Amino acid sequence: MVCRKDVYPPHIHLFPTNPQPGPYYPIWQHSPIHPLSAFVNFDYGSLPSVQSHINLVASTGQIDFSGLDTSPPGSMYDPDLNTAFSAALLSFEAGKMVNYTGEPMSTVLVPVVDSFEDDRKTVGVMLNYIQWKTYFDGIFTDSKQTVDIVLSNTCEGAFTYHIPGDSAIYVGKGNLANPKYEDMAVTVELDEDKFVIEPNTIKLTLNQDLCTYSLRIYPTEESEDIYRTWLPIVTTLTVAAVFAMTAAVFYCYDAMVEKRQKVVLDTAQRSTAIVS
């Protein structure tokens, strides 16, 4: 492998000449391996954007979602290290070269503990990178059912996805859903009480003290068109016609009975007059 030192750090990071006070969080193993750079021995805790998150995991022993991280779109050979790293992860997952589109990625920090006891200590942190789009893929199998999903947290704000069937499409930063459906939107919070990993052993829970996540789901014009049909009007007119026909039948029946009763009454009156 070739390392571009003018753009990327060396394969094995060196301890700084004037180190800051610890604790330190050097990366010992990682996968996949980026073809232009690696992060062995890199102090992950030295990154300002994650210092508070990794310290929170180490001190509480709870899982933490970092922020909704974004970088400019590009390939795994992009000069921007964050772009190249995100594209490398997506390419590894896809099994082919794909570009990073600029959509949000998050780091899930999971504590590594020394025992299953209540007084256990955190001895390491496992990092997992997630692409939020994968959680929205496959929600619908019918391409006619479409929604807009706004993913947001209290740190970076909102990001919008369009779900036109079984594959999610990243739209952009901010709440870009149609505002006319605001009163129909449904908000779902990430419930900390229900987020428990290995409940029978270490019972790892979620901490959202730094960034609280939520989803807001909006209908779209496409989904509205599905329910905008003539069926309700046709059904109403059919029911009204049935009632009108029933009323006409009863009216005719009543008229015929009244006419027959009148004939019987006239006959009885004539008979009574003759007898008299």
Some residue of the range 180-187 being in contact with a Leu (Cβ under 7 Å, 6 or more places away or on another chain) and charged (D, E, K, R): no
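Rundown of residues vs (1) surrounded by 15 or more Cβ atoms within 10 Å (Cβ to Cβ); (2) within 22 Å of the chain's Cα centre (by Cα), yes/no style:
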{"residue": "Q51", "(1), (2)": "no, no"}
{"residue": "L68", "(1), (2)": "yes, yes"}
{"residue": "N82", "(1), (2)": "yes, no"}
{"residue": "L89", "(1), (2)": "yes, yes"}
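What are the residues in the range 206-237 that are closer than 30 Å to I54 by Cα, under 17 Å from the mean Cα position of the chain (by Cα) and among the hydrophobic types (A, V, I, L, M, F, W, C), if any? Reasoning before the result, please.
First, the residues of the range 206-237 that are closer than 30 Å to I54 by Cα: 206-216.
Filter again for under 17 Å from the mean Cα position of the chain (by Cα), leaving 211-216.
Answer for the range 206-237, where residues must be closer than 30 Å to I54 by Cα, under 17 Å from the mean Cα position of the chain (by Cα) and among the hydrophobic types (A, V, I, L, M, F, W, C): C211, L215.
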Residues that are surrounded by 15 or more Cβ atoms within 10 Å (Cβ to Cβ), free of Cβ contacts under 8 Å to residues at least 40 places away in the same chain and among the hydroxyl-bearing types (S, T, Y), drawn from the range 100-115: Y100
Inter-residue pairs, beta-carbon under 6 Å, first more than 13 Å from V112 (Cβ to Cβ) and in the range 54-70, second β-branched (V, I, T), 6+ apart: D64/V57; F65/V108; S66/V50; S66/T107
When residues of the range 116-138 are limited to those that are buried (at least 16 other Cβ atoms within 10 Å of the Cβ) and within 13 Å of the chain's Cα centre (by Cα), the one farthest from Y218 (Cα to Cα): Q131
Criterion violated by P32 - all others in (1) surrounded by 14 or more Cβ atoms within 10 Å (Cβ to Cβ); (2) modelled with pLDDT under 85 satisfied: (1)
Some residue of the range 212-225 being modelled with pLDDT of 85 or more, closer than 30 Å to S115 by Cα and part of a loop (DSSP other than H, G, I, E, B): yes
Residue that is farthest from S59 (Cα to Cα) [pool: residues in the range 214-235 that are among the hydrophobic types (A, V, I, L, M, F, W, C) and surrounded by 14 or more Cβ atoms within 10 Å (Cβ to Cβ)]: I217
Conditions (1) modelled with pLDDT under 90; (2) polar (S, T, N, Q); (3) assigned to a helix (DSSP H, G or I); number of the one not met by T229: (3)
Count of residues meeting criterion [surrounded by 15 or more Cβ atoms within 10 Å (Cβ to Cβ), farther than 14 Å from V110 by Cβ and polar (S, T, N, Q)] in the range 180-213: 1
Cβ-Cβ under 6 Å pairs, at least 6 apart or on other chains, the range 18-47 side under 19 Å from T83 (Cα atoms), far side of a type outside the set (S, T, Y) and at pLDDT 75 or above: P32/F92; H34/A88; F39/I27; F39/H30; F42/I27; Y44/I27
Residue check, N175 without any contact (Cβ under 8 Å) to a residue 60 or more places away in the chain and surrounded by 15 or more Cβ atoms within 10 Å (Cβ to Cβ): yes
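The values are calculated or read from the model by the stated rules, or taken from the named source; none is laboratory data. What you see is a predicted model, and the numbers here were worked out from it, not measured in a lab. Every residue, glycine as well, gets a Cβ built from its backbone with ideal geometry; the counts of neighbours run over all protein chains shown.
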